[in-house]
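What follows is a single structure, written as structure tokens, with notes after it.
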């Protein structure tokens, strides 16, 4: 069995004690995970505490709002921590996927706008992990407008950015947008901001990647046939080896999906974060 520890900063209707579960979303070689959810905003509060005002898609169509590019995930009001069937606690990010409907953790809504809705999700293994495949995060709320993926090599004492994600990199982080395809063997360690995973609400647009295999391909070839070359580089180049090594991973959610339209201050309950799955593969 793997240990899943949940330590909310503030007690409330979604606070949880120690929970023990099999973390089957993870590579079997990762034996133990300690999980921390920071900020009270990370807790789905009782639906009875805040009146929910969410315009359905059919209602949007009736009042001709459907022409505006919007987020179809915004109208999920089924979050009530006081009801077992409607609660969305953090451990649902790590349970068995493939069920319909998907299970997911859900944050509180952006009721305090314009104060930022910030949530940190920290994964700690208490050991060194060498990443072997892409990090994959599946959102059920639409992908956030702004997010940072961070790593630690010293058990959470210091943190370095892995990748920035935004609908507008220049506006959010003062960085020009790039993708892994813009990198090369000589620039593979560059920290980039990508807009590739922060726009669009099609069926396949729930997922955010941190592309490990695409970076491996600069050394092992596009189909990773020459892994000996990659391993040789990892053995002789400490900076490269450290880049693919972590002890902790942190997901910093900075701005929820807004559908690339203005923030509707009359219906702030439609803005929140929800994650159904986090996958990290390593050895």
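The values are calculated or read from the model by the stated rules, or taken from the named source; none is laboratory data. What you see is a predicted model, and the numbers here were worked out from it, not measured in a lab. Positions of Cβ are generated from backbone atoms using ideal geometry, with glycine treated the same way; all protein chains shown enter the neighbour counts.
Within the range 102-129, can you find the residues that are out of contact with any helix residue (DSSP H, G or I) (no Cβ under 8 Å at 6 or more places or on another chain) and within 30 Å of residue 241 (Cβ to Cβ)?
122, 123, 124, 125, 126, 127, 128, 129
Checking residue 121 against (1) surrounded by 14 or more Cβ atoms within 10 Å (Cβ to Cβ); (2) touching a strand residue (DSSP E or B) at 6+ places or on another chain (Cβ under 6 Å); (3) part of a loop (DSSP other than H, G, I, E, B), only one condition comes out false. Which one?
The single condition residue 121 does not satisfy is (3).
Could you run through the range 149-178 and say how many residues are under 14 Å from residue 211 (Cα atoms) and over 18 Å from the mean Cα position of the chain (by Cα)?
Result for the range 149-178: 1.
Which one is modelled with the lowest pLDDT among residues in the range 248-280 that are crowded, with 19+ Cβ neighbours inside 10 Å and in a loop (DSSP other than H, G, I, E, B)?
Top of the filtered list is 259.
So residue 240 clears everything in (1) in a helix (DSSP H, G or I); (2) free of Cβ contacts under 8 Å to residues at least 24 places away in the same chain except one condition, right? Which one?
(2)
Restricting attention to the range 151-174, which residues are part of a loop (DSSP other than H, G, I, E, B), without any contact (Cβ under 8 Å) to a residue 40 or more places away in the chain and more than 21 Å from residue 249 (Cβ to Cβ)?
Result: 168, 174.
Taking the range 147-164 on its own, how many of its residues are farther than 26 Å from residue 224 by Cα and buried (at least 23 other Cβ atoms within 10 Å of the Cβ)?
1
Say we look at the range 224-247 and pick out the residues that are surrounded by fewer than 22 Cβ atoms within 10 Å (Cβ to Cβ) and within 21 Å of the chain's Cα centre (by Cα); which of these is nearest to residue 115 (Cα to Cα)?
247
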